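Student: What follows is a single structure, and I will ask about it in a moment.
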Amino acid sequence: MIVCFYWLQKVGDPIADRYRESVERPEAFNALGGSLQHVRKFLEAVEAKDEKFSHIETADIDKVKKCLKEKQEWFDKQMNAQNKLQKYESPAVLASQIIQTKQVR
């Protein structure tokens, strides 16, 4: 009986994990994509010389551009890797990793 439980756990846990990730990951990708879009709109406003952003230093704007580029490249790479996988394969990226990437450091 105990052996059966461990076998079920060994087989069932990865299935449950993949299912949970299949639900959480699209939401995390959407949240990160939305954040990237907000930053792009901010940079467009800065480029258009919007008065409310005139106080921001050029060096800070350059940092934001660099961060956006890095995050966008990571986003595209992970999205492409995940899209190549079948539903029964282990995910290329976890929802927790996507959420963590969304945080600015």
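Student: Scan the stretch 13-23 residue by residue and report those that are among the acidic types (Asp, Glu) and more than 20 Å from ASP76 (Cβ to Cβ).
Tutor: ASP13, ASP17, listed by residue number.
Student: Now, a different point. Can you tell me how many residues in the stretch 1-57 are acidic (Asp, Glu) and closer than 21 Å to LEU94 by Cα?
Tutor: Counting residues in the stretch 1-57 that are acidic (Asp, Glu) and closer than 21 Å to LEU94 by Cα gives 5.
Student: Within the stretch 19-63, track down each residue that is over 17 Å from the mean Cα position of the chain (by Cα) and in contact (Cβ under 8 Å) with a residue 24 or more places away in the chain.
Tutor: Across the stretch 19-63, the qualifying residue is only LEU43.
Yes or no, residue by residue, for (1) open to solvent by 100 Å² or more (accessible area, probe 1.4 Å); (2) within 28 Å of GLU27 (Cβ to Cβ); (3) outside any loop (DSSP other than H, G, I, E, B); (4) touching a Lys or Arg at 6+ places or on another chain (Cβ under 7 Å):
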| site | (1), (2), (3), (4) |
| --- | --- |
| LYS49 | yes, no, no, no |
| HIS55 | yes, no, no, no |
| VAL64 | no, yes, yes, no |
| LYS69 | yes, yes, yes, no |
| TRP74 | no, yes, yes, no |
| LYS77 | yes, yes, yes, no |
| GLU89 | no, yes, no, no |
| THR101 | no, yes, yes, yes |
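Student: If you go through the stretch 1-45, how many residues are in a helix (DSSP H, G or I), of a type in the set (A, V, I, L, M) and open to solvent by 80 Å² or more (accessible area, probe 1.4 Å)?
Tutor: 4
The values are calculated or read from the model by the stated rules, or taken from the named source; none is laboratory data. Everything numeric here is computed off the predicted structure, so don't read it as measured data. Cβ sites come from the backbone with ideal geometry, for glycine too, and all protein chains shown count toward neighbours. Accessible surface is based on the protein model in full, side chains and every heavy atom, while ligands, DNA and RNA are left aside. Shrake-Rupley method; radii C 1.70, N 1.55, O 1.52, S 1.80 Å.
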